[in-house]
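For reference, the structure is listed below as structure tokens.
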Amino acid sequence: MKVPVEFLEQLTCEIPKIFSLRGPSGKVWRVRLLEMGDGYYFENGWQDFVIDNFVSDQDICVFKYVNENWLQVQIFEQNGCEKESAFEANCSQTSTTNCSAGRWGEKAVKNQGKFPIFKGRASTMNRSARCWGKKAVKNQGERLGGPLISQRRDITAEEENMALDAALGFVSRNPYTVITMRNSHVYTGYCLPLPRSFCNEHLPDRSQDMTLRDPRGEVWGVRFYFFMNETQQIGQLTTGWRKVSFTNNIEASDVCILELVKPDEFQLHIFRVVEEITPLKRQRDI
């Protein structure tokens, strides 16, 4: 993968030959930076990072320089959501590259956000890395089960309106938001964007782990991801939401209410278009 020279020129040290990439899971990969005729490239070790983190051709990696030879990496899918499977990635490198948070260090944590950032689309990888990327996609499908397929009967516009009307009748003293489910929320992307106004008023301007209690009383851990730049501000539930939606058999056009009962805890309310539940199926099982 090509690394912009403009990014390297902003580093606070000499250009390292080895970078440590800290992925979304907190694991660390060591990657060699090679200078070639037309620039600098991540080579040895980059393929390990790609396959271990299930990176596909259309994913976007955001690299944030922390200090010395450390980079924090975020991985986004084409729909703008963080790649959920990367939060569970394990480093396959056999040396002591899988460093603990202690080696990341207090200085690194303090410096986050103050140093250069660059973005790279996975499709710009060299041919060898793209081959690894295709293998990663296959492994991801085997691990997460791939897309989910609805077995629900056909629904009518009247039924959709009835579910929405029922949700709009919800009343609580706690802050809450009403969201109509889309395919990308429950069948494929598995992240749930939250309205900007709700995030601005009631949620922190930083990412954090939260608790979500479903209608049956089962408690889940979910990740609230917050991102802001000059043009946009995004707040969404990422890691953990897939398990919640699948276990509760939430479908497209169902209406969910997220009630903020504590600063870090949601109560989930589900208003179904069809009350009779027909279990979702994984695409690979059909």
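The values are calculated or read from the model by the stated rules, or taken from the named source; none is laboratory data. Computed from a predicted model, the values in this text were never measured in an experiment. Neighbour counts run over all protein chains shown; Cβ positions are idealised from the backbone, glycine included. SASA here: full protein model, heavy atoms, side chains in, ligands and nucleic acids out. Shrake-Rupley method; radii C 1.70, N 1.55, O 1.52, S 1.80 Å.
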Kindly indicate whether any position in segment 16-27 is farther than 21 Å from residue 223 by Cα and of a type in the set (Phe, Trp, Tyr). yes
What number of residues within segment 226-256 are open to solvent by 20 Å² or more (accessible area, probe 1.4 Å) and either at positive phi or polar (S, T, N, Q) (or both)? 7
Restricting attention to segment 223-239, the residues that are closer than 14 Å to residue 186 by Cβ and in contact with a Gly (Cβ under 6 Å, 6 or more places away or on another chain) number exactly 0
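For residues that are small (Gly, Ala, Ser) and open to solvent by 20 Å² or more (accessible area, probe 1.4 Å), tally how many sit in segment 45-98.
Qualifying residue count for the region: 4.
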Being within 20 Å of the chain's Cα centre (by Cα) and either at pLDDT below 95 or part of a strand (DSSP E or B) (or both) is the filter; apply it to segment 257-281 and report the residue that is surrounded by the most Cβ atoms within 10 Å (Cβ to Cβ). 266
Which one of 208, 233 is under 15 Å from residue 82 (Cα atoms) and under 13 Å from the mean Cα position of the chain (by Cα)? 208
Are there any pairs, at least 6 apart or on different chains, whose C-beta atoms fall under 7 Å, with the first in segment 68-95 and on the phi > 0 side of the Ramachandran plot and the second surrounded by fewer than 22 Cβ atoms within 10 Å (Cβ to Cβ), and if so, which? 68/13
What are the pairs with Cβ atoms under 7 angstrom where one residue, in segment 150-178, is under 23 Å from residue 247 (Cβ atoms) and the other, located anywhere, is β-branched (Val, Ile, Thr) and surrounded by fewer than 13 Cβ atoms within 10 Å (Cβ to Cβ)? Sequence gap at least six, or different chains. 151/278; 152/278
Just checking, which of 206, 223, 213, 196 is open to solvent by 30 Å² or more (accessible area, probe 1.4 Å), in contact (Cβ under 8 Å) with a residue 24 or more places away in the chain, farther than 20 Å from residue 245 by Cβ and of a type outside the set (Asp, Glu)? 196
For residues that are open to solvent by 10 Å² or more (accessible area, probe 1.4 Å), out of contact with any helix residue (DSSP H, G or I) (no Cβ under 6 Å at 6 or more places or on another chain) and not hydroxyl-bearing (Ser, Thr, Tyr), tally how many sit in segment 3-24. 12
For strands (runs of 3 or more DSSP E) lying entirely in segment 14-95, having 3 or more residues that are of a type in the set (D, E, K, R) picks out 28-36
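Could you go through segment 210-221 and let me know if any residue there is of a type in the set (Phe, Trp, Tyr), under 20 Å from residue 189 (Cα atoms) and modelled with pLDDT of 95 or more.
Scanning segment 210-221 turns up at least one residue that is of a type in the set (Phe, Trp, Tyr), under 20 Å from residue 189 (Cα atoms) and modelled with pLDDT of 95 or more.
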Could you grab me the full set of residues in segment 151-195 that are within 18 Å of the chain's Cα centre (by Cα) and part of a helix (DSSP H, G or I)? 183, 184, 185, 186
Only one of (1) open to solvent by 40 Å² or more (accessible area, probe 1.4 Å); (2) touching a His at 6+ places or on another chain (Cβ under 9 Å) is not met by residue 191, so which one is it? (1)
With the requirement that a residue be within 16 Å of residue 74 (Cβ to Cβ), assigned to a strand (DSSP E or B) and not basic (Lys, Arg), what does segment 210-229 give you? 224, 225, 226, 227, 228
I'd like to check something: does segment 25-40 contain any residue that is over 16 Å from residue 82 (Cα atoms), open to solvent by 50 Å² or more (accessible area, probe 1.4 Å) and small (Gly, Ala, Ser)? yes
Do we find that residue 182 is of a type in the set (Lys, Arg), touching a Ser or Thr at 6+ places or on another chain (Cβ under 9 Å), over 26 Å from residue 159 (Cα atoms) and at pLDDT 90 or above in this structure? no
